[in-house]
Amino acid sequence: MFNLKAGNHEVSLTSERYATKVSAENGIASVKENAVIDERFQRKVSKDNAPYFVLLAANGQTLGKSEMHSSSKAMEGGIASVKANAPGAPTKVLEEK
């Protein structure tokens, strides 16, 4: 799995768990590619009425989702952060299994 961090080092987006490192690397590349396309973001509300978003690939597969936000405005800020940070985000391997 991987996390995309914002400029303040907070996690903006968390991926699913992948079976292989190569699959995770492909997921990272897909996030970088799709994060600049607003239509790839699904804005949602949890059962507790907390706004969050999901980033989708062109084929509709979920690439990652955000944390629960305190407001729609905060969620939109999270989307803006992903759009700004994902395309040029460095990759750092924390643990290999």
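The values are calculated or read from the model by the stated rules, or taken from the named source; none is laboratory data. Just so it is clear, the structure is predicted and the values come from calculations on it, not from any experiment. Reconstructed Cβ throughout: ideal geometry from the backbone, glycine too, with neighbour counts over all protein chains shown.
Some points to look at:
- Residue within region 44-62 that is more than 12 Å from L4 (Cα to Cα), aromatic (F, W, Y), in contact with a Leu (Cβ under 7 Å, 6 or more places away or on another chain) and modelled with pLDDT of 95 or more present: no
- All positions within region 1-17 that are assigned to a loop (DSSP other than H, G, I, E, B), among the charged types (D, E, K, R) and surrounded by 14 or more Cβ atoms within 10 Å (Cβ to Cβ): E16
- Filter pass, A6 being of a type in the set (A, V, I, L, M, F, W, C), touching a residue at least 60 places away in the same chain (Cβ under 8 Å) and within 25 Å of V93 (Cβ to Cβ): yes
- Of the set (1) over 26 Å from K21 (Cβ atoms); (2) surrounded by 12 or more Cβ atoms within 10 Å (Cβ to Cβ), all apply to T62 but (1).
- Considering region 65-81, and only residues there that are hydrophobic (A, V, I, L, M, F, W, C) and under 13 Å from the mean Cα position of the chain (by Cα), the residue that is surrounded by the fewest Cβ atoms within 10 Å (Cβ to Cβ) turns out to be A80.
- The residue that is farthest from N59 (Cα to Cα), among those in region 11-44 that are free of Cβ contacts under 8 Å to residues at least 24 places away in the same chain and of a type in the set (G, A, S), is A19.
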